[in-house]
Amino acid sequence: MRAEALKGHLDGLLLAALEPGPLHGYGVIEQLRTGSDGQIDLPTGTVYPALHRLERAGLVRSQWSHTSGRRRRSYELTAAGIAALDTTRAGWAEFSSAVSALLARQSWPAAT
């Protein structure tokens, strides 16, 4: 899946990738890849700028560490990031339900 197809959803995907715990940038990329069965495979040039933007917005924080003699920056959700992820999930549920209803030619909201 190309990055252009994910416009408007990238932040939520990155926040969801970080939900289980801190990851370095390549770990985030791998989490997205494995969590989507290979469908979401984003380049570092897309992920790192978005992580930096999320950090400036206060949704993630980063910390430098040394692993195997290499310096790595790990990212983790802040309380604001957790709240933003909850909001994103609620919005996605509503949006995807409406789109699915339209594509399946059903009325929305679906009867429960």
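Each value in this text was obtained by applying a stated rule to the coordinates, not by laboratory testing. All values reported here derive from a predicted model rather than from experimental measurement. All Cβ positions, even for glycine, are placed from backbone atoms using ideal geometry, and neighbour counts span all protein chains on display.
See the values below:
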quantity	calculated
Amide H contacts of THR78 (H built 1.01 Å from N, under 5 Å, at least 5 apart or other chain)	VAL60, ARG61
Segment 3-103 - Rg (one decimal) and Dmax (whole number), Cα, Å	14.3, 53
HN-Hα J in Hz across segment 59-74 - Karplus 6.51, -1.76, 1.60, θ = phi - 60°, x for Gly and Pro	8, 9, 10, 10, 8, 7, 9, 10, 10, 6, x, 10, 8, 10, 9, 9
With Cα atoms, 0 to 90° folded angle of helix 44-56 axis to the chain main axis	90
Under-5 Å amide H pairs with HIS24, H placed in peptide plane, nonlocal only	TYR75
GLU76-ALA98 pseudo-label distance in nm [points 7 Å out on the Cα-to-Cβ vector]	3.6
³J(HN,Hα) computed for each position of segment 7-23 - Karplus, 6.51 cos²θ - 1.76 cosθ + 1.60, integer Hz, glycine/proline x	3, x, 10, 4, 4, x, 5, 5, 4, 5, 5, 8, 4, x, x, x, 9
Given the chain, longest segment not containing exposed loop trypsin sites (Lys or Arg not before Pro) (DSSP; at most 12 other Cβ within 10 Å)	8-104
Label-to-label distance, nm, for residues given as GLN39 and GLU55 (7 Å Cα→Cβ offset)	3.0
Rounded to 10°, Cα long-axis angle of helix 25-35 versus longest principal axis of the chain	30
Magnitude of the charge dipole, segment 3-103, Cβ model with Lys/Arg +1 and Asp/Glu -1, debye to 20	500
